[in-house]
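Let me begin by presenting the structure, written as structure tokens, before commenting on it.
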4 protein chains.
Amino acid sequence: MSDDPTTVPVLDGGFLALDGAFASDLAVVNAARVSFNSTSSAMEERDEGLIRYLMRDRHGSPFEHGYFRFLVKAPIFVVREHHRHRAGHSYNEWSGRYSRIEAEFYVPDYVRTQVGKPGAYTFESVAPDVRESARAEIAGQAESAFAAYERMLEQGVAKEVARTVLPLSMFTKYFWSCNPRSLMHFCSLRNSEHAQFEIRQYAEAAEAFLAQLMPSTHAAFLANGRSAP
Amino acid sequence: MSDDPTTVPVLDGGFLALDGAFASDLAVVNAARVSFNSTSSAMEERDEGLIRYLMRDRHGSPFEHGYFRFLVKAPIFVVREHHRHRAGHSYNEWSGRYSRIEAEFYVPDYVRTQVGKPGAYTFESVAPDVRESARAEIAGQAESAFAAYERMLEQGVAKEVARTVLPLSMFTKYFWSCNPRSLMHFCSLRNSEHAQFEIRQYAEAAEAFLAQLMPSTHAAFLANGRSAP
Amino acid sequence: MSDDPTTVPVLDGGFLALDGAFASDLAVVNAARVSFNSTSSAMEERDEGLIRYLMRDRHGSPFEHGYFRFLVKAPIFVVREHHRHRAGHSYNEWSGRYSRIEAEFYVPDYVRTQVGKPGAYTFESVAPDVRESARAEIAGQAESAFAAYERMLEQGVAKEVARTVLPLSMFTKYFWSCNPRSLMHFCSLRNSEHAQFEIRQYAEAAEAFLAQLMPSTHAAFLANGRSAP
Amino acid sequence: MSDDPTTVPVLDGGFLALDGAFASDLAVVNAARVSFNSTSSAMEERDEGLIRYLMRDRHGSPFEHGYFRFLVKAPIFVVREHHRHRAGHSYNEWSGRYSRIEAEFYVPDYVRTQVGKPGAYTFESVAPDVRESARAEIAGQAESAFAAYERMLEQGVAKEVARTVLPLSMFTKYFWSCNPRSLMHFCSLRNSEHAQFEIRQYAEAAEAFLAQLMPSTHAAFLANGRSAP
């Protein structure tokens with residue numbers, strides 16, 4: 001929804017924007033080679049092999065010497081999963097205590113049902129009529145909650161109290177900083193068929209920036225079955 | 001709401017329970033004294049002074065050699081603030097993806113309004129009629145959202161989709177582990193007049209366990225203006 | 001070197017002592033089951049399978065809800081490798097700035113040579129005469145360095161300056177706290193054929209306490225090829 | 001010792017080089033303002049006040065959205081103090097297991113004695129003759145240890161064994177990554193009169209880069225008595 005090439009629309013109404021980065025495959029290589037007292041100013045051919053080796057044998061620390069900063073707009077139920085990730089991750093988020101919430105809510109395009117046994121669920125789209133009624137429920141609850149929120153504010157109720165009626169589908173915004181290693185941990189768990197569809201869209205978008213800025217690292221990550229070091 | 005003496009009711013419907021702990025003032029003292037190659041098996045009188053000194057001069061690492069584990073039941077808007085705390089904190093929470101949510105929601109007893117200028121807000125109770133109407137709004141939205149949630153489940157919509165209508169007032173449950181230093185960081189920010197009323201109740205309950213198990217550490221924390229080392 | 005059953009001699013002159021712990025398989029199970037809002041007060045048979053599943057699929061957070069505290073005496077070259085481990089680890093160590101160092105140094109029983117190509121080294125014992133001469137070199141340097149240290153102290157040189165002559169073979173002592181997950185990370189890297197012989201002895205000793213206090217977790221760790229979640 | 005303007009000589013033989021950075025005052029401001037859903041593309045005048053407020057009230061998370069990467073050459077006794085700093089810090093160091101150590105050792109120019117009572121020590125230069133004899137001791141032990149190291153290598157002893165004779169005065173090299181908040185924590189403890197002279201030189205050099213890249217943050221840090229948020 002932006003001309004900025006670093007902003008990627010995610011879901012209906014959200015986005016993930018690369019606010020800045022300082023990340024390269026060379027920094028991984030140098031952090032590994034410093035253990036032999038040997039660093040260089042450019043990648044060499046054999047360095048791809050070194051990166052694959054570090055990834056495979058789970059030598060994780062060389063992947064910490066880089067930086068990504070994202071600005072993310074996502075529904076709260078996604079944010080709650082995202083902010084589970086602690087080591088190497090930093091967050092600052094829009095606060096409903098200090099500022100008025102805006103009426104933006106996520107209504108899923110992909111309404112699904114769970115099939116299979118516990119522990120081995122898969123998902124399938126629901127029938128069109130169920131989809132329409134679910135979308136109407138979700139949109140309706142959001143509108144009704146937001147109207148209640150506004151009525152309470154008009155009566156002078158503090159924002160921090162009034163916001164408690166708002167649903168998990170509400171959009172919020174936050175800065176997210178991480179290093180390449182913590183980004184890969186996030187992607188290994190969230191850009192996965194076991195992750196919820198919605199957070200996976202954000203993880204895919206973030207992983208694309210990893211692939212762009214650190215192509216050898218990303219190739220090794222894929223070759224390693226997306227298992228983070 | 002429990003006969004278990006380690007479970008403390010918090011808010012209307014929530015609790016904070018000490019699920020276990022391994023924490024003592026002696027461990028702080030020994031971690032400090034090991035720098036002089038001198039540890040002991042019991043606190044001595046001068047050790048209170050040592051703890052006060054460590055706290056005041058922000059020597060934080062000796063306060064990391066202990067452990068608290070809590071089981072917490074709190075509304076989601078509280079949990080979101082709690083889980084901001086990352087370094088030295090571990091969490092595992094009830095998931096609305098895997099299990100059906102129960103119809104428990106927080107309706108505030110203390111409905112307040114914000115007075116004063118930005119940056120220097122204080123809170124005051126609203127008038128009784130506003131309070132009743134706000135409580136009715138909050139309870140009404142919760143009921144309506146839960147009914148929508150159940151209707152969607154009946155139609156076969158996946159739990160992870162249906163839950164997105166549920167409000168931030170919904171109760172959830174989680175295990176929380178931390179060390180004494182990270183517990184003090186939590187208390188310094190959340191058992192504070194700047195914190196939201198609701199999370200402060202949890203922080204007070206947690207701080208009482210710190211006071212009980214590590215009385216000298218807690219006294220030094222208070223003497224230090226509740227500034228964590 | 002101690003009658004205390006929780007102190008394990010390691011190397012010639014060192015030890016690893018369990019100073020205290022609060023750790024159980026049940027805490028892992030409960031931290032996982034809370035996601036289904038279902039916790040219990042005792043392990044059930046199926047819970048071993050749950051632990052194996054968590055380990056295999058790298059669901060690491062349930063393994064953070066426990067605590068181990070060790071007192072360790074080790075040579076500095078071992079400590080430097082140990083203290084690389086950061087996330088979930090806390091340390092406090094004897095300081096040569098504040099107190100006089102004692103004349104205790106590690107002289108290896110197992111003197112080895114490196115065989116094979118870079119990246120695929122193995123080690124073999126050296127010939128007896130080389131062993132004796134290496135041990136004499138190491139012991140001799142330690143004595144000579146300690147004598148220089150003492151001469152400087154006698155002349156009034158500050159301890160923090162004089163200590164800089166002391167060798168990496170010098171023994172030091174420290175408290176080490178960690179959670180079960182961070183302990184397994186340490187063991188996966190250090191109780192390994194790729195680790196240096198000396199640190200491996202400490203990692204083996206620490207892993208034995210994990211096996212004792214969390215037998216199902218340890219069994220799953222082994223079944224997982226000692227790959228930490 | 002380098003024409004590279006980002007390499008700062010530290011001590012006799014060491015250095016601290018800024019290998020790269022992605023850090024600005026604006027990122028602090030935006031991370032704070034996102035809580036009001038208000039970010040901007042340039043600093044405004046009032047933003048300095050915001051940074052001072054965040055520093056003073058210890059709102060630390062907005063200072064995590066930046067990145068510094070240094071290459072450091074320092075004696076081992078300095079590195080051991082440095083690597084105590086864990087949260088928000090990443091390190092990769094030259095390894096004496098894999099590569100031959102070079103004969104570079106730190107011999108202090110400033111040889112001092114400790115005066116005053118425990119807990120309130122200060123330092124004073126020793127007399128010229130004591131200084132010369134201490135420098136000769138330190139240099140002599142280093143030479144003797146290095147000769148023993150080389151003799152053992154010649155006899156085929158593994159590098160990881162032979163290196164244990166080397167003293168704490170030996171120079172090593174490492175990459176160090178941190179965020180502005182963790183950098184300030186390091187500087188608050190190590191660019192301090194309580195820190196050892198040698199590590200303080202490194203902390204001063206690192207703090208100069210903070211001042212250069214984040215002038216408003218650094219000014220607020222100073223105004224706060226160098227107490228990190």
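Odds and ends about this structure:
- Shielding by partners for peptide D:59-65, expressed as the average number of C-beta atoms from other protein chains within 10 Å of each residue's C-beta, is 5.
- Set C:K117/D:K73; C:K159/D:K73; D:K117/D:K173; A:K73/A:K159; C:K159/D:K159; C:K173/D:K173 screened for pairs whose C-alpha atoms are more than 27 Å apart: C:K117/D:K73; D:K117/D:K173; C:K159/D:K159
- Against the compact-protein benchmark of 2.2 N^0.38 Å, the Cα-based radius of gyration of the protein assembly as shown scales to 0.97.
- In this rough spin-label picture, where each label sits 7 Å from Cα along the Cβ direction, the C:Q212-B:S41 distance is 1.7 nm.
- Separation of the D:Y121 and D:A219 label points, Cα + 7 Å toward Cβ, nm: 3.8
- Taking the fewest neighbouring Cβ atoms within 10 Å as the starting point, the ordered list for D:R131, D:R46, B:R58 is D:R46, B:R58, D:R131.
- Spread of Cα-to-Cα distances over 5 Å intervals beginning at zero, given as percent, for chain D: 1, 6, 12, 15, 15, 14, 12, 9, 6, 4, 3, 2, 1, 0
- For D:Q155, net neighbour charge (Lys/Arg +1, Asp/Glu -1) across residues whose Cβ lies under 15 Å away: 0
- Burial order of peptide ranges D:36-45, B:199-208 (average beta-carbon count within 10 Å, highest first): B:199-208, D:36-45
- Charges were assigned to the Cβ only: +1 to each Lys and Arg, -1 to each Asp and Glu. The resulting dipole of the protein assembly as shown about its Cα centre is roughly 0 debye.
- For the stretch D:110-138 versus the stretch A:1-69, the spacing of their alpha-carbon centroids is 46 Å.
- Extreme residue, positive dipole direction of the stretch D:112-165, given options D:A162, D:S133, D:Y121 (C-beta unit charges): D:Y121
- Cβ-based net charge around B:T122, under 12 Å, with every Lys or Arg adding one and every Asp or Glu removing one: 0
- Cα-based helix-to-principal-axis angle, A:180-190 vs chain A, degrees rounded to 10: 50
- Cβ neighbours within 10 Å from other chains - mean over D:95-101: 5
- Partner shielding of D:166-174 amounts to 5, given as the average count of beta-carbon atoms from other chains within 10 Å of each residue beta-carbon.
- Rounded to the nearest 20, the size of the Cβ-charge dipole of the stretch C:112-165 about its Cα centre is 220 debye, with Lys and Arg at +1 and Asp and Glu at -1.
- Between the amide H of A:E102 and any residue lying 5 or more places away or on another chain, no distance stays under 5 Å, with hydrogens modeled in the peptide plane.
- GNM result for chain B, Cα springs below 10 Å: residue of B:P128, B:P167, B:P180 fluctuating most strongly: B:P128
- With R₀ set to 56 Å, the beta-carbon distance separating C:E104 from B:R226 gives a calculated FRET efficiency near 0.85.
- Residues D:S177, A:S133, sorted so that the one with the fewest Cβ neighbours within 10 Å comes first: A:S133, D:S177
- Between the amide H of B:G20 and those of B:R69, distances stay under 5 Å, these residues lying 5 or more places away or on another chain, with hydrogens modeled in the peptide plane.
- Which of D:T164, A:T122 has the fewest Cβ neighbours within 10 Å, and the rest in rising order: A:T122, D:T164
We did not get these values from a lab; they are worked out from the coordinates using the rules stated. Keep in mind that this is a model prediction, so the values were computed, not measured. Backbone-built Cβ (ideal geometry, glycine too); neighbour counts: all protein chains shown.
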